[in-house]
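What follows is one structure encoded as C-alpha cells, with my remarks underneath.
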Amino acid sequence: MSQRTGGLTMWESVPRLLAQHRYLVLGTADGEGRPWVSPVFFAADGQHRVLWVSSPNSRHSRNIAARPEVAITVFDTAAPVGGAEAIYLEATAGSAADDARAADLVSLNTRLSAGHQLVPKDLGPAGPLLVYQAAISRYFVLIRGGDARFDNVTDARLAVSPPAPEHTTHTT
C-alpha cells in the first residue's frame, strides 16, 4: 500500500483527526506486561506530541512510570459501522516538564469549555493532577476493508510519515 493516493497523502488524516477529536484511547502496560487501556481527554501539541492531565495514582499513570512505551488510537466513536476513520500512534509517555507547564495548560485549555479550564493549582505538587505527554514516534492510519484505492479485503493499518520539510535552495 502506498501512502499517496489521488494526489493526497494519507498523512493528512493525522493532523485532521488530532484536531477534530478530544479523546484518545491510551494503551499502557505495567512492569509485568499486563495491558490496560483508558479513554483520555487530550490536546495535540503540533503533530508530534499529545498532552493530557491525570492523577499520578491512576493505573495508566503508574503503568507509564513503569513502562513509558504506549499505544494511542484516535477515532470518532459516533461514526457508523464501516465509516470509521482512525489513527494509531506509537509513542513514549511521561510527565511533562515543569518549565513547559504554562504552555501545556494553554494547549489543554483551548480544548476545554470556559467552566472547565485548568488552573495551575490543579497541578502537582500541590494539586492532584500532572500534565502528561506522549512523544509520537510512529503513525498509522486505518484503511477500511474494500477501500477502492487499496487491495485490501479487511481493515488494515498503513504506516505514514509527516511530509519532509521543503528545502530552500540558495544560490550565490
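Side notes on the structure shown:
- So Ile64, is it touching a strand residue (DSSP E or B) at 6+ places or on another chain (Cβ under 9 Å) and under 15 Å from Tyr139 (Cα atoms): no
- Criterion applied to Ile136, Ile87 was being touching a His at 6+ places or on another chain (Cβ under 9 Å), of a type outside the set (Gly, Ala, Ser) and under 22 Å from Ser38 (Cβ atoms), and the one residue passing it is Ile136.
- Here segment 16-34 is the region considered, the condition is being over 19 Å from Gly94 (Cβ atoms) and either among the hydroxyl-bearing types (Ser, Thr, Tyr) or open to solvent by less than 50 Å² (accessible area, probe 1.4 Å) (or both), and the residue that is nearest to the chain's Cα centre (by Cα) is Leu18.
- Residue selection: Thr92 satisfies the criterion of being open to solvent by 30 Å² or more (accessible area, probe 1.4 Å), polar (S, T, N, Q) and at pLDDT 95 or above.
- Among (1) of a type in the set (Val, Ile, Thr); (2) over 16 Å from Tyr132 (Cβ atoms); (3) at pLDDT 95 or above, the one test that Val81 misses: (3)
- Asp98 touching a Pro at 6+ places or on another chain (Cβ under 8 Å) and either surrounded by fewer than 15 Cβ atoms within 10 Å (Cβ to Cβ) or among the acidic types (Asp, Glu) (or both): no
- Condition check for Asp122 on (1) within 25 Å of Val160 (Cβ to Cβ); (2) open to solvent by 30 Å² or more (accessible area, probe 1.4 Å); (3) touching a residue at least 40 places away in the same chain (Cβ under 8 Å): one failure, at (1).
- One residue stands out in segment 76-89 among those that are assigned to a strand (DSSP E or B) and in contact with a Lys or Arg (Cβ under 8 Å, 6 or more places away or on another chain): the one that is surrounded by the most Cβ atoms within 10 Å (Cβ to Cβ), namely Leu89.
- Any chance Gly146 is in contact with a helix residue (DSSP H, G or I) (Cβ under 8 Å, 6 or more places away or on another chain), part of a loop (DSSP other than H, G, I, E, B) and of a type in the set (Gly, Ala, Ser): no
- Among the residues of segment 129-154, those identified as charged (D, E, K, R) and surrounded by 15 or more Cβ atoms within 10 Å (Cβ to Cβ) are Arg144, Asp147.
- Hits in segment 74-89 (condition: under 14 Å from Leu51 (Cα atoms) and out of contact with any helix residue (DSSP H, G or I) (no Cβ under 8 Å at 6 or more places or on another chain)): Leu89
- Inside segment 101-118, residues that are open to solvent by less than 60 Å² (accessible area, probe 1.4 Å) and either assigned to a loop (DSSP other than H, G, I, E, B) or free of Cβ contacts under 8 Å to residues at least 12 places away in the same chain (or both) make up a count of 4.
The values are calculated or read from the model by the stated rules, or taken from the named source; none is laboratory data. What you are looking at is a predicted structure, and each value in this text was computed from that prediction instead of being measured. Virtual Cβ from ideal backbone geometry, glycine too; neighbours counted across all protein chains shown. Keep in mind that these areas ignore ligands, DNA and RNA; they rest on the heavy atoms of the full protein, side chains included. Shrake-Rupley method; radii C 1.70, N 1.55, O 1.52, S 1.80 Å.
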